[in-house]
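The values are calculated or read from the model by the stated rules, or taken from the named source; none is laboratory data. As the structure is a computational prediction, the values presented were derived from the model and not from experiment. FYI the Cβ positions are ideal-geometry reconstructions off the backbone, even for glycines, and counts take in every protein chain you see. With ligands, DNA and RNA removed, areas are computed over all heavy atoms of the protein, side chains included. Shrake-Rupley method; radii C 1.70, N 1.55, O 1.52, S 1.80 Å.
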Amino acid sequence: MSKYSRRHLLRASAGLATLAPFLPAVLSAKTHASSIRAVSAPDTSLLDSLKPMTGSVTYISDAERQQRREKLSSILREQNVYAALIEPGSSLDYFTGVKWWLSERITAGLITADGAQIFITPAFEESRLREMAGSSVEILVWQEDEDPFAILAAWLKNRRPNNRTVVLDEAVRYFVAYRLGQTATDWQFRSAANEVNACRMIKSSTELALMQTANDITVAAYQAVHPLVKEGMSGPEIGALMHEAQTRLGGERSSGGAQVDKGTALPHGSREPEYVVDGSVVLMDFGCGVGGYRSDISRTFVVGKVSDQQRRLWDLVRRGQDLAFATAQPGAAAGEVDRVVRRLYESEGFGPGYGLPGLSHRLGHGIGMDVHEPINFVGNEKTPLQPGMCFSNEPGIYMPGQYGVRIEDCLYITDKGARWFSEPPREMERPVG
């Protein structure tokens, strides 16, 4: 036996020894699952016909990003702030189109109140950054033996503005804020949440169209996958079908998962293996991106015979979803959308508040380039709704140790009220819409 083979045999033996206490349960679960799967294997042939739905998509233009920077600069002037500093992530992409990554070496963008766009990056990254940011953008560079924060502080000092406040995007890491405070000692630093959110929370028509396409893809994926869910399948197997379907339909970065029975009673699921049997509750929560903008849709259904309690909970969740939609009017406090649904569920014996059995999480969240964005449909949120804001609407009722029901569709606010990105299912017999 070669040395290479012996090493791998030792590793495998160690792995089996570690797993030994768990093997009886694993084998039992697999035996149970295989006995069911022998009866009904999933048919994936329907996915073969799925084609991309993104052929006519209009993406965010450089002109629109310029308008975003101008809006941010205007807000900075109103707030008597000199500049906003933004590290890589969705906000940097939103304002500049630069898709970068986080590392121990700082790369960041600055947008100033007078309309300038500046970057700082390691010298060896400059040419690559220019490919994304453009040849005319000012880029501050630092060599490996230099302090980038001292260079940035010197640049700020040389600008000599009357106001010496820089706001930091919420995603800026602590060490960046700390080092700036050490090097630019005569400057003030605070959160840029208000300034950045004032831009990002209100979506343009192009953003809404990208989100609409992402939602259309997720709905089409549900419609393709739902008929394939059979007895014997596990949540991960169902999830694999959804990821494949969304990808074939043109979705970017498919995300989400599927839960079965007891796992559906936990809003973010369980790692315990569960397999579909007659009467099982399946909760699927999936989304994808188009042009960087996300969808987020949940569907709950029963495989086989539906019990009276399952139907009651499904219908009650749908009533809550419609009530939230009707309440989401321009000018209404975002928190009232949550409170009105919670009052309904409490009148039906659930809760109170966030108690279980009942609705244990906020009713919804903002959505856009990130799946979760400010602001939320949560009881203490006083922000008035405005046209262009986008939210998930996802009431749920969870019965610990049994199952849960959640139905989620996203909406956006218009002058005349809320509008759906995806139409909720109208009856339990057609649970994916």
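Numerical summary
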item: Antiparallel bridge percentage (DSSP; both residues within the chain; nearest 5); result: 80
item: Gain on full stretching of the segment that runs from Ser270 to Ser49 - 0.36 nm per residue minus C-alpha separation; result: 76.3 nm
item: Accessible area of Ser204 in the full protein assembly, 1.4 Å probe (Å², nearest 10); result: 40
item: Extension gain (nm, one decimal) between Trp155 and Asp114, 0.36 nm per residue minus Cα-Cα; result: 13.3 nm
item: Relative contact order computed over the chain (Cα-Cα under 8 Å; 6+ residues apart), in percent; result: 13
item: R0 of 22 Å, Cβ-Cβ distance Trp101-Gln182: FRET efficiency to nearest 0.05; result: 0.35
item: His361 accessible area, 1.4 Å probe, all protein chains in place, Å² to nearest 10; result: 40
item: FRET efficiency, Arg130 to Lys416 (Cβ-Cβ, R0 51 Å, nearest 0.05); result: 0.70
item: DSSP bridge orientation in region 82-174 - percent antiparallel, rounded to nearest 5; result: 50
item: For region 306-433: rounded, prolate or oblate by the Cα gyration tensor [a/c cutoff 1.5]; result: prolate
item: Accessible-area order (highest first, 1.4 angstrom probe) of the listed residues Arg248, Arg406, Arg253; result: Arg253, Arg248, Arg406
item: Residue-level accessible surface for Met233, protein heavy atoms, 1.4 Å, Å²; result: 0
item: Neighbourhood net charge (10 Å Cβ-Cβ; Lys/Arg +1, Asp/Glu -1) for Ile139; result: -2
item: FRET efficiency estimate (nearest 0.05) - Cβ-Cβ, Glu78 to Asp147, R0 30 angstrom; result: 0.35
item: Asp322-His372 pseudo-label distance in nm [points 7 Å out on the Cα-to-Cβ vector]; result: 3.0
item: Exposed chymotrypsin sites (Phe, Trp or Tyr not before Pro) absent: longest stretch of the chain, with sites in DSSP loops and at most 14 other Cβ within 10 Å deemed exposed; result: 102-353
item: Label of the coordinate-derived value, Rg and Dmax of the Cα atoms in Å, listed as (i) 21.1, 65; (ii) 23.8, 94; (iii) 25.4, 76; result: (iii)
item: Pairwise label distance in nanometres, Ser307 with Gln386, each label 7 Å out on the Cα-Cβ vector; result: 4.7
